[in-house]
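J.: Following this message is one structure expressed as structure tokens.
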Amino acid sequence: MQIPSKYDASQVESKWYDYWMKHNYFHSEPDEREPYTIVIPPPNVTGILHMGHMLNNTIQDVLIRRARLQGKNACWVPGTDHASIATEAKVVAKLKEQGIDKNDLTRDEFLKHAWDWTHEYGGVILEQLKKLGCSCDWERTRFTMDGDMSEAVIKVFVDLYNKGLIYRGYRMVNWDPEAKTTLSDEEVEYIDKQGKLYHINYQVEGSEEVLTIATTRPETILGDTAICINPNDERHTSLKGKKAVVPICNRVIPIIEDDYVDVEFGTGCLKVTPAHDENDKVLGDKHKLEVVDIFNEDATLNSYGLHYEGLDRFEVRKAIVKELEGLGLISKIEDYNNRVGISERTKAIIEPRLSDQWFLKMEDLVKPAIKAVLGENNDIQLFPKKFENTYRHWMENIRDWNISRQLLWGQQIPAYYYGDGKEDFVVAETIEEAVKLAQEKTSNSGLQASDLRQDSDALDTWFSSWLWPMSVFDGIRNPENEDIKYYYPTNDLVTGPDILFFWVARMIIAGYEYKGKEPFKNVYLTGLVRDKQRRKMSKSLGNSPDALKLIEDYGAGGVRVGLLLSSAAGNDLLFDEALCQQGKAFGNKVWNAFRLINGWEVADLEQPDYAKVSIDWYTNKFRKSLALIEDHYSKYRISDALMETYKLIWNDFCSWLLEMVKPAYQQPIDSTTYNAVIGLLEDNLKILHPFMPFLTEEIWQYITERTPEDALIVAKWPELKPVNERLIAEFDFATEVVSGIRTIRKEKNIAFKDAITFSVINNENVANTFDEVIKKLGNLESIEYVNETIDGALTYRVKSNEYFIPMAGAIDLEAEIKKLTDELNYTEGFLKSVQKKLSNERFVNNAPEQVVASEKKKEADALAKIETLKASLASLE
């Protein structure tokens, strides 16, 4: 076969991906083999491939391809998440462009638009993953809004409600005024924001007396329903039992007493706004205060805002401060650094809001999930282990989960109202069941489906994705089906630490509740991909490369290797596009090595000794590296596994072995050596395949004609075997001997075609195992073992062994003596300066330990060099 001179990723990658798809290598069905299962963290259905996805899915593909080569029944389930907030926002924006207001549509009309959007843009990211080489079982692709997936979500809601774990409560929630929905505590990020602290005077009713409160949110005074003082605060004894007047709205409110007020903080008078602050709500409940909500759902002011009705909260803040200043009621304004909650999705500032919502009780549900990760049995292991502390903190401080969202896109809450009261509802999987339950509850057998009204809220997206490892195998609806029994628990989960609580912890909770066991054995938490300046990748900074453009420029293999070569910074990865170039160069190196081997003429000759020992050495070196690679995999050090593979193939195989065994110019190679080299190349391709699947399959198929059963993707992973460490150590010594010969040839301009004689004083008692290799690589006439130094020869040392290359007219003797003398004089001068430093007690006692150690090493190196230079001069004079 004619092998192209260059590896062309653009041609090769689509060819082999189509081949793998055609032969169904990615598909898995339960059988007698050991299963190896990964479920993909489902990306947003309308998302596109970014660097985080690239890293995460490269790692998953490495693990799944290795498992496939190990003979396991590898199943990687892909899919997408309906991402209710993000998707609904995009659909609303698209409708707006068309002049359609979401509020003018019925639920069904809006959902039709949402499904149209999903069908048009959804799944693009899955197609992009194919370009990366991801070997997912595409026949098993799931979407969290698929009919059966939604059924599972509804089934779980009903079950948890019937167990008394889901309840409806009127609570202070995190309100996103942009998305117009509640968020769970975990969906709120906190940022520091420079703001102002306003000191505002309130009139005490029926007197000239004023009290001063301090607030960062002056617009909320319109919702004040009390002033609170500490009963032990002597400054405010005169206020006890009195009332105050809220500025602008002139509402008369009680002055209440409570130990909650910190005497040391601020003025000692606290404005109480139960509708807009969680702590104020607690005070309000305790003292039975009125609740005045001044905001609409988009955070504009409602009728309680008086002349500010319809204006945004931040506009009102500026305007109300002006009005209060005009009334002479602001006594002071200070700069104030405030910690503000923002929506993880829309980045809008969160508004605490009282609302009827659905909650899931977490206190008991969480217990098995804490034990699974932090208990003695280590049922689930987190990599890196440091995240166990984060996990513990979240889980031990868990609050009830607000699972309802004021959105249309998502699973609609299966609660059906038959009356106007807050408790006039039933919870059921279907409308038919709801009718029966409502008839029983009301004792009204005439009640019909048309009399019921389903709750308009949708469930939090995480309430569907927490079931993912079970629902993708239909384990909720059909808990005893073959798939769930075979594939669950899954093996490895690869995801980001930012969703350790949102998703990972909740999947563990659901797994124990519905299967009684962990959903996965290991969780590998990747870092964030940052740029080489350690900045987070973002569109606004313009530092996030186009993932598909990278694949186009460097090939999928180059990008996969580049990502995994990125240096770790804590848990993050510093990505540099130059690493993709390095990955591409590595691919070219492997390709050219194959072309070199393939170009050799093979003959029926006796195998030379140098080739025999070379093959023996590389076989053992491969085994040693394989053991290291396996150890790295077991600890989820995927980058280290790649680096060991990279060094083995680039340095040991390409730079050493092929040089050691290659035949002389225009001479054939013996078939024994050739076949052995091909066998070693095939082993290299197997361990490289998880990282560079396309390149390795291309070379594999060029080596010889293969049937689909013999494709590399389903080949057999090499087995661990005993290693001859002595042989490896002897070779390492031999490489230093060869390097010494090459250095002298280079420095003295001795052409490689000129064979030279070579002598050694073998003080180290090194075995002569690699003498034939040294002779070949150094082009030596012979290797003589001697007991005395050889006069008139160039010399160098490896440990205590001394090596000699006779001059024999190869160089200008006088020039060489002058050169060595100059070098000796320089080195002796350098040594003096180092020793002067080391004889200075102040330097030795005060300099950092590593600085002193570095100087001592310089001294030792200079002494050794002086000894070698003197020996070389002595042999020449």
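J.: Suppose accessible area is computed on protein heavy atoms with a 1.4 Å probe; arrange Trp358, Trp462, Trp650 from highest to lowest.
T.: Numbers: Trp358 0, Trp462 40, Trp650 75 Å².
My answer, sorted largest first, is Trp650, Trp462, Trp358.
J.: Quick one: if the Förster radius is 45 Å, what FRET efficiency do Arg706 and Ser355 give, using the C-beta to C-beta distance and rounding to 0.05? Working shown, then result.
T.: On the way: r = 64 Å, r/R0 = 1.41.
So, using R0 = 45 Å, E works out to roughly 0.10.
J.: Shifting gears a bit: Quick one: accessible surface of Thr58, probe radius 1.4 Å, all protein chains present, in square angstrom to the nearest 10.
T.: 0 Å²
J.: Nearest 5 is fine: what % of DSSP beta bridges in region 519-675 come out antiparallel, could you say?
T.: In region 519-675, DSSP labels about 45 percent of beta bridges as antiparallel.
J.: Once the other residues with Cβ under 12 Å from the Cβ of Gln70 are scored (Lys, Arg +1; Asp, Glu -1), what is the net sum?
T.: Summing Lys/Arg as +1 and Asp/Glu as -1 gives +4.
J.: Ok, one more. So what are the ³J(HN,Hα) numbers for region 682-697, from phi and the Karplus equation (6.51, -1.76, 1.60; θ = phi - 60°), rounded to whole Hz, Gly and Pro as x?
T.: 4, 5, 4, 4, 5, 7, 8, 3, x, 8, 10, x, 6, 4, 5, 5
J.: Excluding Lys155 itself, calculate the net charge of residues whose Cβ lies under 10 Å from the Cβ of Lys155, where each Lys or Arg counts +1 and each Asp or Glu counts -1.
T.: Net local charge, Lys155 excluded: -2.
J.: List every residue whose amide H lies under 5 Å from the amide H of Val210, counting only residues 5 or more places away in sequence or on a different chain, with H placed 1.01 Å from N in the peptide plane.
T.: Correct list: Val204.
J.: Return the long-range amide H neighbours of Gln70 (sequence gap of 5 or more, or a different chain), with a cut-off of under 5 Å between placed amide H atoms.
T.: Placed amide hydrogens put Trp717 under 5 Å from Gln70.
J.: Sticking with this structure for a sec: With +1 on the Cβ of every Lys and Arg and -1 on the Cβ of every Asp and Glu, and nothing else charged, how large is the dipole of region 753-877 about its Cα centre, in debye rounded to the nearest 20? Numbers along the way, then the final one.
T.: On the way: 16 positive and 22 negative charges, 135 e Å.
Taking the Cα centre of region 753-877 as origin, the dipole is about 640 debye.
J.: Summing -39500 (n - 2.57) over the DSSP H runs of n ≥ 4 in the chain and dividing by its residue number, what mean residue ellipticity at 222 nm do you reach, to the nearest 500 deg cm²/dmol?
T.: Roughly -13500 deg cm²/dmol at 222 nm, from the helical runs in the chain.
J.: Could you work out the relative contact order of region 243-317, using alpha carbon pairs under 8 angstrom and six or more residues apart, expressed as a whole percent?
T.: Reported as a whole number, the value is 15 percent.
J.: Taking H as built 1.01 Å from N, whose amide H comes closer than 5 Å to the amide H of Asn296, not counting residues under 5 places away?
T.: Residues meeting the criterion, in which the H sits 1.01 Å from N, are Leu301, Asn302.
J.: Per residue of region 516-525, what does 6.51 cos²θ - 1.76 cosθ + 1.60 with θ = phi - 60° give for ³J(HN,Hα)? Whole Hz please, x for Gly and Pro, Karplus curve as stated.
T.: Values, residue by residue: x, 8, 5, x, 7, 8, 10, 10, 9, 9 Hz.
J.: Next question. Please give the Cα centre distance for region 3-78 versus region 144-180, rounded to the nearest Å.
T.: Result: 34 Å between the Cα centres.
J.: Over the chain, what is the relative contact order in whole percent, taking alpha-carbon pairs under 8 Å and six or more residues apart? Present the calculation step by step, with values, prior to reporting the outcome.
T.: Numbers: 1429 pairs, mean separation 109.1, N = 877.
For the chain, the relative contact order is 12 percent.
J.: Which of the following values of percent of Cα pairs over 38 Å apart was calculated from the structure shown: [x] 56; [y] 52; [z] 60?
T.: Among [x] 56; [y] 52; [z] 60, the one calculated here is [z].
J.: Given the C-alpha centroids of region 495-536 and region 216-251, what is the distance between them in whole angstrom?
T.: Distance between centres, Cα-based: 47 Å.
J.: Just to check I understand the Karplus step: with θ = phi - 60° and J = 6.51 cos²θ - 1.76 cosθ + 1.60, what whole-Hz values come out for region 641-656, glycine and proline as x?
T.: Running phi through 6.51 cos²θ - 1.76 cosθ + 1.60 with θ = phi - 60° gives 4, 5, 4, 5, 5, 4, 5, 4, 6, 5, 7, 6, 7, 6, 7, 10 Hz.
J.: Among DSSP bridges having both ends in the chain, what percentage is antiparallel? Round to the nearest 5.
T.: So the antiparallel bridges amount to about 70 percent of the total.
J.: Separate question: Treating only the Cβ atoms of Lys and Arg (+1) and Asp and Glu (-1) as charged, compute the dipole magnitude of the chain about its Cα centre; round to the nearest 20 debye.
T.: The dipole magnitude comes to about 1340 debye.
J.: Sorted by mean Cβ packing within 10 Å, highest first, what order do the peptides 60-66, 395-401 take?
T.: Highest mean packing first, the order is 60-66, 395-401.
J.: What FRET efficiency do you get for Ala729 and Ala864 if R0 is 25 Å and r is their Cβ-Cβ distance, rounded to the nearest 0.05? Display every interim value, and only then the final one.
T.: Working: r = 22 Å, r/R0 = 0.87.
After rounding to 0.05, the efficiency reads 0.70.
J.: Give the residue from Ser207, Thr225, Ile248 lying farthest towards the positive end of the charge dipole for region 204-274; charges sit on Cβ (+1 for Lys and Arg, -1 for Asp and Glu) and the dipole is referred to the Cα centre.
T.: After comparing all options, I get Ile248.
J.: Once both axes come from the Cα atoms, what is the angle between helix 577-598 and the longest principal axis of the chain, in degrees from 0 to 90, rounded to 10?
T.: In the chain, helix 577-598 runs at an angle near 40 degrees to the longest axis.
J.: Here's a follow-up. What relative contact order, as a whole-number percentage, does region 479-611 give when Cα pairs under 8 Å and 6 or more residues apart are counted?
T.: In percent, rounded to a whole number, it is 19.
J.: Projecting each Cα onto the charge dipole of region 456-550 (Lys/Arg +1, Asp/Glu -1 at the beta carbon, about the Cα centre), which of Ser544, Ala458, Trp503 comes out farthest on the positive side?
T.: Among Ser544, Ala458, Trp503, the one farthest towards the positive end of the dipole of region 456-550 is Ser544.
J.: Report, in debye and to the nearest 20, how large the dipole of region 664-802 comes out about its Cα centre when Lys and Arg carry +1 and Asp and Glu carry -1 on their Cβ.
T.: 320 debye
The values are calculated or read from the model by the stated rules, or taken from the named source; none is laboratory data. All values derive from a computational prediction rather than experimental measurement. Glycine gets a Cβ as well: all are built from the backbone with ideal geometry, and neighbour counts include every protein chain shown. What goes into the accessible areas is simple: the full protein's heavy atoms, side chains included, and nothing from ligands, DNA or RNA. Shrake-Rupley method; radii C 1.70, N 1.55, O 1.52, S 1.80 Å.
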